[in-house]
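What follows is a short report on a single structure.
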């Protein structure tokens, strides 16, 4: 049996692929923390399994015109978790609150954006029936 050479390919490549494939992209093997926060919660749960997170209420609202928009953005950025995403060319803000210690922050944001048609209230990242009518008033009882 003949001995196989140690290296089959030449040291310097003879053929260079098209420019768009050269040099190869050096992507990290693990997603960054920023990429993980931008994942939709249902996708994150499917990929990484259910996370043991505390009870949360999220307010998701679209960009809108008016004086209240700057204040709404400020309140949303002060949330425990905040993500701004583009959905079908529309900017949506997602602010997650853990209402146990400071439920007034959630109420202040809801007062700014609750009247908008595109505003969603999510309980543990899921749209539940009566989230506005039942869950939010229950949280308001925590305000001293």
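Just a few scattered comments:
- A crude spin-label estimate for the pair residue 116 and residue 65, with each label 7 Å from Cα along the Cβ direction, gives 1.5 nm.
- Residue exposure sequence - 87, 14, 139 - by fewest surrounding Cβ within 10 Å: 14, 87, 139
- Put a dot 7 Å past the Cα of residue 50, heading toward its Cβ, do the same for residue 141, and the two dots end up 2.5 nm apart.
- Treating each Cα of segment 55-140 as an identical point scatterer and summing with the Debye formula, the log10 of I(q)/I(0) at q = 0.11, 0.23 Å⁻¹ comes to -0.25, -1.17.
- Going from the fewest other Cβ atoms within 10 Å to the most, the residues 40, 115 appear in the order 115, 40.
All of the numbers you see were taken from the coordinates with simple rules; none came from a lab. Since the model is a prediction, treat every value here as computed from it, not as a measurement. Note that we place each Cβ from the backbone using ideal geometry, even for glycine, and neighbour counts take in every protein chain shown.
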